[in-house]
1. Run a plain Debye calculation on the chain (Cα atoms as equal point scatterers, no solvent) and give log10 I(q)/I(0) at q = 0.13, 0.14 Å⁻¹, rounded to two decimals, same order as the q list.
2. Ratio of Rg to Rh for region 52-132, alpha carbon only, Kirkwood?
3. Give the aspartates and glutamates reachable from K349 as a straight Cα distance under 14 Å; neighbours fewer than 8 places away on the same chain don't count.
4. Calculate how steeply helix 162-174 sits against the longest principal axis of the alpha-carbon atoms of the chain, using the helix alpha-carbon long axis, and give the answer as 0 to 90 degrees to the nearest 10.
5. Please report the relative contact order for the chain, taking Cα pairs under 8 Å with a sequence separation of at least 6, and give it as a percent rounded to a whole number.
6. Estimate the FRET efficiency between R321 and S27 by the formula 1/(1 + (r/R0)^6), using the beta-carbon distance for r and 25 Å for R0, to the nearest 0.05.
7. Modelling each spin label as a point 7 Å along the Cα-to-Cβ direction, I'd like the D73/S421 distance in nm, to one decimal.
8. Modelled label-to-label distance, E365 and L66, 7 Å Cα→beta-carbon offset: nm?
Amino acid sequence: MTSPLRIALAGLGTVGSGVIELLNENSQMIADRAGRPIEVIAVSARDKNRDRGLDLSPYIWSDNALDLAAISDVDCVVEMIGGSEGVAVDLARNSLNNGKSFVTANKAMIAHHGMELAGLAESKSVSLKYEAAVAGGIPVIKGLREGASANRIERVYGILNGTCNYILSTMEQHGSDFEEVLKKAQELGYAEADPGFDIDGVDAAHKLAILAALCFGKSLDFGGVETAGIRSIMAADIGQAKSLGYRIRLLGMARIDDGKLFQRVNPYLVPEDHPLAHISGSTNAVVAEGNFSGRLMFQGAGAGDGPTASAVVADLVDIARGDSGAVFAMPAESMPSAERAESGNREGKSYIRFVVADKPGVLAEITAAMRDANVSIESLIQTQKTDDGSVLISMVTHNSLERDVAESLEKLSSSSNIQGSPMVMHLLSETD
């Protein structure tokens, strides 16, 4: 075998520690597959004395993660710190500038700085790898970058956040309310104490922006992702969707519409005969539709120390083999910015749920506003009283322009009969 790939690791949380454990436990097999050994020679973390169940004595210790980028005999730096700014991105820049390959699980950093870092890596002829940043242990980046490289991807979409999927599928199974299931998710460690990053769709938006750049060859545009989360979904919405033959899932959706890039994270009603409708718990799943391959689906654990460490080490194996190709499947300098597609131009069916005062004429007021905005109603699902005496009104529209649906809701925004903001979800279709 040739000389080992020597790595420095920044961040020794559960994933960083898992990387060391995996490299130690499977060292010979990894060396055989990579063509040479992969060795950790230096590490950095906030607390050197914390008990991680690891013997750190064989490694150079650095209190300052940025020092790892300057160690002369390090070939590759692995970043497990997190965050879109600060030490993580400074470490990435310094490592690449010093001619060292870089591996990260940091989806926020890639979503915000991916084009800059990709250009830097390519100019230095080193690798920037980020398999673990999207869908944890699922090899979706490698599958799309290499396995589907001969295809024109028509659209990419999927369940990109395990916390949201756990909450929605548990609400579905038990008829529970959102807050009750969120509390349980926090107790089980699926959700953070401050869950906003997950339940407001930001985490999924980071991942979607990365997938869109990879699939469509357009410059990363995280700011162009229309993002909504799942805070407002009620148990009644879950039940009414089920009665229609749908299940509610938070999806990231991206495609090219007339040369413009459409990106959205939003709860969707997914038909029960679609594979994504049956993804439950904290599992992630990504669907890519190629013009020759047809539908490709990647499914598996989207988080966790084992699956994420597995993806990180898979990237290290590629680097050990000499893979330093284009970061997003084509050179960063050749990836143009895409004009953002207007979601208002999209046509489809929408699910709309109102909470209204229990008085005569409210339904007529709603239907009149929709009529005036050229939105027709396919079905009025049901009405039911809430604990405070309000009434839930849920409906599904016929195919309508999204701008017309938005106009109808704007007409109703000043109504004293409607309590709070209506909940709007789109119905997933083959042409979405």
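1. Results for the chain at q = 0.13, 0.14 Å⁻¹ read -1.10, -1.23.
2. When Rh is taken as the Kirkwood radius, the ratio is 0.97.
3. Counting by Cα, and skipping residues close in sequence, K349 has these aspartates and glutamates nearby: E378, E402, D404, E430, D432.
4. For helix 162-174, the angle is close to 40 degrees.
5. Working: 919 pairs, mean separation 69.7, N = 432.
After rounding, I find 16 percent.
6. Working: r = 16 Å, r/R0 = 0.65.
After rounding, the FRET efficiency stands at 0.95.
7. A separation of 5.7 nm, rounded to one decimal place.
8. 5.9
Every read-out reported here was derived from the displayed coordinates using simple, explicitly stated rules and does not represent laboratory data. What you see is a predicted model, and the numbers here were worked out from it, not measured in a lab. Glycine also receives a Cβ, built like all others from the backbone with ideal geometry; neighbour counts cover every protein chain displayed.
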